[in-house]
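Working notes, structure below.
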4 protein chains.
Amino acid sequence: VQLLSGVYQGHTLGTPIALVVHNHDAQPSDYAPLHQAWRPSHADFTYEAKYGLRFPSGGGRASARETLARVAAGAIAKKILQRAGISLVAYVARVGTVGLPAQWLQALLDGRGAQPTPAATLLVSPQALMQQVQASPVRCPCPEVAAQMQAAIHQAQSAGDSLGGLIVGCAYGVPAGLGEPVFDKLEADLAKALMSIPATKSFELGSGLDGTYLHGSAHNDAFVSGGTPGAAPLPAGTATNRSGGIQGGISNGEPIWVRVGFKPTATLAQPQATAGRNGTPTVLSLAGRHDPCVLPRAVPIVEAMMALVLADHHLRHRALAG
Amino acid sequence: VQLLSGVYQGHTLGTPIALVVHNHDAQPSDYAPLHQAWRPSHADFTYEAKYGLRFPSGGGRASARETLARVAAGAIAKKILQRAGISLVAYVARVGTVGLPAQWLQALLDGRGAQPTPAATLLVSPQALMQQVQASPVRCPCPEVAAQMQAAIHQAQSAGDSLGGLIVGCAYGVPAGLGEPVFDKLEADLAKALMSIPATKSFELGSGLDGTYLHGSAHNDAFVSGGTPGAAPLPAGTATNRSGGIQGGISNGEPIWVRVGFKPTATLAQPQATAGRNGTPTVLSLAGRHDPCVLPRAVPIVEAMMALVLADHHLRHRALAG
Amino acid sequence: VQLLSGVYQGHTLGTPIALVVHNHDAQPSDYAPLHQAWRPSHADFTYEAKYGLRFPSGGGRASARETLARVAAGAIAKKILQRAGISLVAYVARVGTVGLPAQWLQALLDGRGAQPTPAATLLVSPQALMQQVQASPVRCPCPEVAAQMQAAIHQAQSAGDSLGGLIVGCAYGVPAGLGEPVFDKLEADLAKALMSIPATKSFELGSGLDGTYLHGSAHNDAFVSGGTPGAAPLPAGTATNRSGGIQGGISNGEPIWVRVGFKPTATLAQPQATAGRNGTPTVLSLAGRHDPCVLPRAVPIVEAMMALVLADHHLRHRALAG
Amino acid sequence: VQLLSGVYQGHTLGTPIALVVHNHDAQPSDYAPLHQAWRPSHADFTYEAKYGLRFPSGGGRASARETLARVAAGAIAKKILQRAGISLVAYVARVGTVGLPAQWLQALLDGRGAQPTPAATLLVSPQALMQQVQASPVRCPCPEVAAQMQAAIHQAQSAGDSLGGLIVGCAYGVPAGLGEPVFDKLEADLAKALMSIPATKSFELGSGLDGTYLHGSAHNDAFVSGGTPGAAPLPAGTATNRSGGIQGGISNGEPIWVRVGFKPTATLAQPQATAGRNGTPTVLSLAGRHDPCVLPRAVPIVEAMMALVLADHHLRHRALAG
């Protein structure tokens, strides 16, 4: 990575920071078949429909290489958040049908106001979690499940096939008050940021889709008394955290947690039927180093996009609160 | 509704259109208990944490009354889209655990390029669908399921409880090419718009969360030859539509379809434990006309938000294409 | 004025404040001739060219009535600035050829770092200036010149003619550091804000057009030592203030001062030759209450627009500085 | 210049175009004195006040080197405008006190609807003008005046001093209808764009500051009949062009012309008194290649900024007009 501007003697200058990463490992010949056909479920066709032409090698701007810039920007956003006591951890919660056991979800559903269960303490300590995630090649904090995920990925790769899955993203230490009531709700900005990552299919806040099956009496997060006393005593938190740390567009002081679903990689090693650019059906066979499962590589991207949204709202709130 | 500006002799003037709707049916006394406590899972506390004070009657700006403005703006957006051949239909697909049968989902997964099955034809004709939805008090196009939904809602209401569920939103006639590759991806803008609706917990594009369990070979949407011949023959469409009409941030010409999950209403008629503003635990009992299930009323809001996003991208694309 | 939202028990709620002012004094018949012809140097034709139709009565949105909203918003911005110690004063410096004497300009050119001359002290005390301006019907702080301006305006009015002129706008107490280096320079945002006021023809920062005739050695503002000592001692200010309080897009702690030129009102009581909408030349004669000189009424608009820009940059800077 | 992205086989891809120009001719030692003192009327101090530190060599981001990016972007904007029949010419109209003779201003004040005078034809033909400007080292289209300007610049340089001046910018072929009525008025966007160029002190539209001395009857631009007949016959133009091609925020079909004033360069070769960063007065003497007059180099920047604003509004209008 080459630093072009914005930094001087180890400090940021307050002006834009420009980074360049040159790709010295491109193999355009791998993409030769794409000159004549559109990959199923990839952006080849839509780019061509929009712009009248496309860059065939490497998927052009639709390549996940684009996310490198997000991770670089997210690293700076994380530094801003760190000074405000906010930290982020994301991890792979499921690959295909191989997922973390139920107590992981339960730990996320436990609120700060509740007497934390031993399991919850163990599972949601940001530092411990971060270490477990970093120790795993598939970025899954539970070693047994991580091993099963790796096996599933290898099996898909052998078959020239691919797998999708689910990533959990958590933000700890977010104070109550970040966000906006209508136009830039915190959950809406997180949804936009995360659904802009290539291959995403679903976004869930807190209890998410599961929560929509429940009755209100089983879903509501009760506030727990016991916060700082004063003219306007704050609650100690909520007994559960199905809200995922956000209520009505604004953070409530609980950990923020979201889930992002990724589809199986569209580019396959096995032959696929599709339409040719000459107007007739064709079969597309692609060599190359296509990833059979993007989930492990998407973990830092999820963290980066969450960091960018939270850093923005942190700065906006600081303008308001002075 | 009072029209303050922007319209002259039945035509828009090109300048802002201001509408005012006065609420003549407010009952602030219903909200008296909220002066002293925060409703669980509502925005009472977060507004107070952000701004230092809040408007206690009617939930202030966190009330779904706010969405009236979205529906009004959406009505104008729909008129713009109509001239471009784009129409929108949303409906309630599930209330609590009562959902539409599997063939409804199958119809959404069928692509334009496939020989449409009779079921699909029946189910996804926009006009027929729209009529079925409008004929149903719960905005569910299948009369049998709609009856079960109504029964479930009445049962929850009797118990002073509430229900969540799922809404499907579809856009027909969207040409290939709307959207952007990275910063304002069409699915990201839809996610932000829909996750800004009060009480939303999940957003899914096309196959959504279900699709993340599949292998790539089972998930990819094959392009089908047979479109307009010419220098650059377009495909006739895709054989399936798990992509939900969007690939890499840009529409591909298939119907766009998304799913939005709503949590059960937070405000309950039954007593709820929470923290009081005086620092001690309290029990909140609320009279009033609180809706036990927002799903039926959220259908036009989903359509409006989709219309606003698509109209924006339609205009942006027109600037590009001239 | 009707307050529709955003305020509760005398405090702002943090959410949008909506105001409505109904015009109960419209006389559409005064504008009847405008249905068939375009006023010279007015927006009648350009609106019609852009939108295909226009609202003929009262000039539609091109009427200066539109600026009422700016003044209302500016009043709130001024309250924000007041808490940061920033105050604003604008006044009419010239009407047609009747202008303030040279020492007024000199007082503006004197910097904070200089030993303030008695004249400068007298002339630039914000409170004294504000009172003098408010005491004058033409919003000119010098009573002798104000009387001449009034006479000139009456003379123009008698002739069915109109006058332009110059307004000075000053901001006192602006700390060093507001603004941005390239994209939203403080002077650029001020220029946009002020050149968006109807009838404006010129914008000048500090020495302005006069300064462009000078040599650098005669134009530069020398920094004067003597500010707060410390690790990085600040200067006491600059000996002169030709910079107008801004250098390189960012405020330098000196008073900000700008000049805005207004053209003579386009709508005249005397007959004017123009093109008719039927394709043939016509003569336009307009009755009505058209203002022969907008300058006095534009003073609060200049203050309001400056306040909006400074309040924005104050909040942006607070986000940065924490 | 190095082209990093956005272009493929001689065509733009529709995606961002990234250019890098490396400065291989930096001489940081020239700026050594700036580590200990702030240049008068430069951004050294304001950057330090805002960010707490600054990049001392070369003025950092406040260097006019920054404008290279504007010219590069403007070149692309000009290509877009060219396809719409819009062309741009800027030139130096005055350096210090040496300016173009009065008929040049008269030619600008003549409208399209008038029988063009021979002088006007000669003077405002865009192609002829462009050639004359490019042939002049000081970018002044009148050779006699250009020679005087060069002499004045050399004289200032010999004295270690600097000069300011005035640039005229013209846009030809702009159709009626570009711009917005209130928030992004065409003249306001031009003012912001041009006042964001380093060293600018004044912005004038059409008759500008001169026009504010006139009566309305002498200032108004009469519409001239004779345009395309039809349901709504357009005027042939205006007899004069004091409006500078814009009325009420929207272009009227006449040439757009503006004037931008530049202050004399702040960085001087002669010694200057200023405040030192150690809190005591100091004298600053700077070696280096500082430009005694930025006007000739600012001509392409003025054109570029005008092109960017017009291209934006051209695209916005195309979205509206379809």
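The values are calculated or read from the model by the stated rules, or taken from the named source; none is laboratory data. The structure displayed is predicted, hence computed values, not measured ones. Note that we place each Cβ from the backbone using ideal geometry, even for glycine, and neighbour counts take in every protein chain shown. These accessible areas exclude ligands, DNA and RNA; they are computed on the full protein's heavy atoms, side chains included. Shrake-Rupley method; radii C 1.70, N 1.55, O 1.52, S 1.80 Å.
Quick look at the numbers
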{"quantity": "Selection within segment B:158-180 - facing chain A (nearest Cβ under 10 Å), more than 28 Å from B:VAL95 (Cα to Cα) and surrounded by 24 or more Cβ atoms within 10 Å (Cβ to Cβ)", "calculated": "B:LEU178, B:GLY179"}
{"quantity": "Test: residue in segment B:184-202 that is open to solvent by less than 10 Å² (accessible area, probe 1.4 Å), more than 9 Å from chain A (Cβ to nearest Cβ) and modelled with pLDDT under 95", "calculated": "no"}
{"quantity": "Test: residue in segment D:294-301 that is small (Gly, Ala, Ser), on the phi > 0 side of the Ramachandran plot and either modelled with pLDDT under 95 or under 14 Å from the mean Cα position of the chain (by Cα) (or both)", "calculated": "no"}
{"quantity": "Some residue of segment D:64-80 being of a type in the set (Asp, Glu), assigned to a helix (DSSP H, G or I) and away from chain C (no Cβ under 14 Å)", "calculated": "no"}
{"quantity": "Any chance C:LEU315 is closer than 15 Å to C:GLY179 by Cβ, within 7 Å of another protein chain (Cβ to nearest Cβ) and open to solvent by 10 Å² or more (accessible area, probe 1.4 Å)", "calculated": "yes"}
{"quantity": "Complete set of residues in segment A:142-156 that are within 23 Å of the chain's Cα centre (by Cα) and within 11 Å of chain B (Cβ to nearest Cβ)", "calculated": "A:ALA152, A:ALA156"}
{"quantity": "Sole exception among (1) under 22 Å from D:PRO296 (Cβ atoms); (2) over 24 Å from the mean Cα position of the chain (by Cα) for D:THR67, by number", "calculated": "(2)"}
{"quantity": "Residues located in segment C:242-278, provided they are hydrophobic (A, V, I, L, M, F, W, C), touching a strand residue (DSSP E or B) at 6+ places or on another chain (Cβ under 7 Å) and surrounded by fewer than 24 Cβ atoms within 10 Å (Cβ to Cβ)", "calculated": "C:ALA273"}
{"quantity": "Those residues of segment C:269-322 which are touching a residue at least 24 places away in the same chain (Cβ under 8 Å) and of a type in the set (Val, Ile, Thr), in sequence order", "calculated": "C:THR274, C:THR282, C:VAL294, C:VAL299, C:ILE301, C:VAL302, C:VAL309"}
{"quantity": "Condition met for B:PRO235 (touching a Ser or Thr at 6+ places or on another chain (Cβ under 7 Å), under 29 Å from A:GLY279 (Cα atoms) and at pLDDT below 95)", "calculated": "yes"}
{"quantity": "Criterion violated by B:VAL260 - all others in (1) closer than 30 Å to B:LEU34 by Cβ; (2) at the interface with chain A (Cβ under 7 Å from one of its Cβ atoms); (3) modelled with pLDDT of 95 or more satisfied", "calculated": "(2)"}
{"quantity": "From the options D:GLN155, D:GLN150, residue that is open to solvent by 30 Å² or more (accessible area, probe 1.4 Å) and either part of a loop (DSSP other than H, G, I, E, B) or free of Cβ contacts under 8 Å to residues at least 12 places away in the same chain (or both)", "calculated": "D:GLN155"}
{"quantity": "Count of residues meeting criterion [under 30 Å from B:ALA287 (Cβ atoms), outside any helix (DSSP H, G or I) and at pLDDT below 85] in segment B:1-32", "calculated": "3"}
{"quantity": "Among the candidates D:ALA193, D:ALA176, D:ALA188, residue that is touching a residue at least 24 places away in the same chain (Cβ under 8 Å), in a loop (DSSP other than H, G, I, E, B) and more than 30 Å from D:PRO271 (Cα to Cα)", "calculated": "D:ALA176"}
{"quantity": "Every residue from segment A:33-53 that is open to solvent by 20 Å² or more (accessible area, probe 1.4 Å), assigned to a helix (DSSP H, G or I) and among the aliphatic types (A, V, I, L, M)", "calculated": "A:ALA49"}
{"quantity": "Strands (runs of 3 or more DSSP E) lying entirely in segment A:216-322 (those with 3 or more residues that are in contact with a Pro (Cβ under 6 Å, 6 or more places away or on another chain))", "calculated": "A:272-275"}
{"quantity": "Qualifying residue in segment D:2-12 (condition: under 28 Å from C:THR212 (Cβ atoms) and free of Cβ contacts under 8 Å to residues at least 60 places away in the same chain)", "calculated": "no"}
{"quantity": "Residue in segment A:251-268 that is small (Gly, Ala, Ser) and under 30 Å from B:ARG65 (Cα atoms) present", "calculated": "yes"}
{"quantity": "Test for C:ALA69: is it of a type in the set (Gly, Ala, Ser) and either open to solvent by 40 Å² or more (accessible area, probe 1.4 Å) or modelled with pLDDT under 85 (or both)", "calculated": "yes"}
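Yes/no per residue for (1) in contact with a Lys or Arg (Cβ under 6 Å, 6 or more places away or on another chain); (2) within 30 Å of A:HIS22 (Cα to Cα); (3) within 10 Å of another protein chain (Cβ to nearest Cβ); (4) open to solvent by 40 Å² or more (accessible area, probe 1.4 Å):
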site	(1), (2), (3), (4)
D:HIS11	no, yes, yes, yes
D:SER29	no, no, no, yes
D:PHE55	no, yes, yes, yes
D:GLN82	no, no, no, yes
D:ALA90	no, no, no, no
D:VAL95	no, no, yes, no
D:GLN103	no, no, no, yes
